[in-house]
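For reference, the structure is listed below as structure tokens.
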Amino acid sequence: MTAPHVSPDDIRHAFSAAMSDMYRTEVPAYGTLMELVSDINAETLAADPSLHERLDETDSLARISEERHGAIRLGTAAELATMRRIFAVMGMYPVGYYDLSTAGVPVHSTAFRPVGEAALKRNPFRVFTSLLRLDLIADETLRAEAEAVLAKRQIFTDSAVALTEKAERDGGLAQDDADRFVSEVLETFRWHDRANVGADLYHRLHDAHRLIADVVSFKGPHINHLTPRTLDIDLVQARMPERGIVPKAVVEGPPTRKCPILLRQTSFKALEEPVSFLGADGSWQPGSHTARFGEIEQRGIALTPKGRALYDMLLDASRAIVRPAADGSNAADYELALAKAFETFPDDWEAIRAEGLGYFSYSLTAKGRAAHGEISGDIDTWIADGLVQFDPIVYEDFLPVSAAGIFQSNLGDNAQHEFAASPNQRHFEADLGAGVLNEFDHYAGIEQASIDACRRVLTMADAAE
């Protein structure tokens, strides 16, 4: 008798837990950060019973402690394509295309994540996955050397590849194979303190861009951060020094608001860690590398194209006045300019909904559930009549300017680079071996499905009796 398959959601849940345990061991400051976030989330919920109630009603409360994402940086198209197949075994699919070259980071990226409501409720783990843009290295000799190093490495174990192929062939994995799959795939994300290159090449790659050195110089793409979700990112930012953690200068994303939008992120500074470089005589020479850090996120409502256009315009306006310096020298001025610019973005859920700026999930109130007979009207009428309520749909994705800001702040206070904006989604998808899901279409579909569910009950109540 064939053993039943483990659900992709359960495999993802096991993998995210294993990743968290590994990263806590490798980066003890991450464990400290998790404790801080847990304490602040508990304080926030205790101080606002209504928030606790709404999170509970929308099945979001249990997700707070589970909510986290990771990030990796890959070097070749083959690595990206294989990673897509591995993540698919865990029920994670590529959503969105992000060009970070516009902010001085030579990568383009996608986010692998669950996309269905049930899958997100089970475990919302996501991995922001970047592919190095070697074409942005101006030095042709250095580019060729980097390509040669990357061509030799194999970042996946043979067993991880074999189990992925088995899952694809059989439509899933039984429990024993699923356990081995998690263990084998975890090896790809593990830290390696011995470089693939000598000190001279490492420093030349480092001088071109620190991220290039990080991607090219090591055996694997080591997870460079994990991210717990907080309910009050400003409080986490303020309290990190109390726990011996040095935060980055500013919180990335929109300013503090009553009605959170999109995504706010901050982090503690990347750690300088000892590594060894292979010398010409075959001996290992001591050195150091800076790459891994801890990040915190606070998520708000997913914005419509109209809302996102307004967000981008206001963010650009604030940065035209003050561009945040990595060393924090103008942090106060930047935060003031950001808050001022965003005064024109409505900070009320009804106004955001009425102006079509955000996506909402609609559900029946107690009055709506008790309604009998056919009820005419539309969603606005039903809301006005107290039959339907609405809740913001949480933004599950990322912001390229914010991601680049996090990367840059952990590449050094003076690590500013300029690349010409060069988005190439078609090339990225060719390397990926699949298209990426359009996030706007996805959120719109979730919203429409919730409206349709309300309409079926309210307009056909007699049929349900």
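The values are calculated or read from the model by the stated rules, or taken from the named source; none is laboratory data. Keep in mind it's a predicted model, so treat the numbers as computed, not measured. Cβ coordinates were reconstructed from backbone atoms using ideal geometry, including for glycine residues, and neighbour counts include every protein chain displayed. Side chains included, ligands, DNA and RNA excluded: accessible areas come from the protein's heavy atoms. Shrake-Rupley method; radii C 1.70, N 1.55, O 1.52, S 1.80 Å.
Screening Gly70 against (1) closer than 14 Å to Ile296 by Cβ; (2) part of a helix (DSSP H, G or I); (3) modelled with pLDDT of 80 or more leaves a single unmet condition, (2).
Starting from residues that are of a type in the set (S, T, N, Q) and either open to solvent by less than 10 Å² (accessible area, probe 1.4 Å) or in contact with a Leu (Cβ under 6 Å, 6 or more places away or on another chain) (or both), keep the ones in the stretch 212-250 and report whichever is farthest from Ala148 (Cα to Cα). It comes out as Thr230. Among the criteria (1) in a helix (DSSP H, G or I); (2) at pLDDT 90 or above; (3) within 25 Å of the chain's Cα centre (by Cα), the one Ser361 does not fulfil is (1).
Here Ala325 clears all of (1) small (Gly, Ala, Ser); (2) under 30 Å from Ile72 (Cβ atoms); (3) modelled with pLDDT of 90 or more except the condition numbered (3). Are any residues in the stretch 181-213 touching a His at 6+ places or on another chain (Cβ under 7 Å), within 16 Å of Ile72 (Cβ to Cβ) and of a type outside the set (Gly, Ala, Ser), and if so, which ones? Phe189, Arg190, Trp191, His192 - these are the residues of the stretch 181-213 that are touching a His at 6+ places or on another chain (Cβ under 7 Å), within 16 Å of Ile72 (Cβ to Cβ) and of a type outside the set (Gly, Ala, Ser). In a loop (DSSP other than H, G, I, E, B), at pLDDT below 85 and in contact with a strand residue (DSSP E or B) (Cβ under 8 Å, 6 or more places away or on another chain): is that true of Ala270 in this structure? Yes: the conditions hold for Ala270. Contact map, the stretch 333-356: residues that are closer than 30 Å to Gln389 by Cα paired with residues that are modelled with pLDDT of 95 or more and of a type in the set (D, E, K, R), Cβ distance under 8 Å, separation 6+ or inter-chain. Pairs shown: Pro346/Glu355; Glu355/Lys306; Gly356/Lys306.
Any idea how many residues of the stretch 1-39 are of a type in the set (Val, Ile, Thr), over 25 Å from Glu184 (Cβ atoms) and surrounded by fewer than 20 Cβ atoms within 10 Å (Cβ to Cβ)? Final tally of qualifying residues: 1. Of all residues in the stretch 178-193, those that are within 28 Å of Ser276 (Cα to Cα) have Cβ atoms under 6 Å from Cβ atoms of residues that are open to solvent by 70 Å² or more (accessible area, probe 1.4 Å), 6 or more apart or on another chain, in His192/Lys219. Per the conditions (1) modelled with pLDDT under 90; (2) over 30 Å from Val251 (Cα atoms); (3) in contact with a helix residue (DSSP H, G or I) (Cβ under 8 Å, 6 or more places away or on another chain), the sole criterion not satisfied by Ile155 is (1). Residue-level check: of (1) in a helix (DSSP H, G or I); (2) modelled with pLDDT of 85 or more; (3) closer than 30 Å to Arg133 by Cβ, Tyr30 misses just (2). The residues listed here are Ala148, Ala78, Ala118, Ala144; of these, the one that is of a type in the set (A, V, I, L, M, F, W, C), out of contact with any strand residue (DSSP E or B) (no Cβ under 9 Å at 6 or more places or on another chain), in contact (Cβ under 8 Å) with a residue 60 or more places away in the chain and open to solvent by 10 Å² or more (accessible area, probe 1.4 Å) is Ala118.
Only residues that are touching a residue at least 60 places away in the same chain (Cβ under 8 Å), under 28 Å from Trp349 (Cα atoms) and either open to solvent by 40 Å² or more (accessible area, probe 1.4 Å) or not charged (D, E, K, R) (or both) were counted across the stretch 281-313, and they come to 8. What number of residues within the stretch 340-360 satisfy the criterion of being in contact with a Pro (Cβ under 8 Å, 6 or more places away or on another chain) and open to solvent by 40 Å² or more (accessible area, probe 1.4 Å)? Count: 2. Evaluate the following for Asp327: is it open to solvent by 70 Å² or more (accessible area, probe 1.4 Å), within 23 Å of Ile261 (Cα to Cα) and charged (D, E, K, R)? Spelling it out, it is not the case that Asp327 is open to solvent by 70 Å² or more (accessible area, probe 1.4 Å), within 23 Å of Ile261 (Cα to Cα) and charged (D, E, K, R). Checking each residue in the stretch 364-378 for being in a loop (DSSP other than H, G, I, E, B), loosely packed, with under 15 Cβ neighbours inside 10 Å and at negative phi picks out His372, Glu374, Ser376, Asp378.
Quick one: is Val127 among the β-branched types (Val, Ile, Thr), under 30 Å from Gln298 (Cβ atoms), open to solvent by 10 Å² or more (accessible area, probe 1.4 Å) and modelled with pLDDT of 90 or more?
Answer is no for this residue.
Pick out the one residue from Leu201, Leu205, Leu235 that is assigned to a helix (DSSP H, G or I), within 28 Å of Ser16 (Cβ to Cβ), among the hydrophobic types (A, V, I, L, M, F, W, C) and out of contact with any strand residue (DSSP E or B) (no Cβ under 8 Å at 6 or more places or on another chain).
Selected residue: Leu235, the only one of Leu201, Leu205, Leu235 that is assigned to a helix (DSSP H, G or I), within 28 Å of Ser16 (Cβ to Cβ), among the hydrophobic types (A, V, I, L, M, F, W, C) and out of contact with any strand residue (DSSP E or B) (no Cβ under 8 Å at 6 or more places or on another chain).
Taken together, the residues in the stretch 177-198 that are touching a helix residue (DSSP H, G or I) at 6+ places or on another chain (Cβ under 9 Å), assigned to a loop (DSSP other than H, G, I, E, B) and surrounded by fewer than 19 Cβ atoms within 10 Å (Cβ to Cβ) amount to 2.
The single condition from (1) surrounded by fewer than 20 Cβ atoms within 10 Å (Cβ to Cβ); (2) aliphatic (A, V, I, L, M); (3) on the phi > 0 side of the Ramachandran plot that Ala174 fails is (3).
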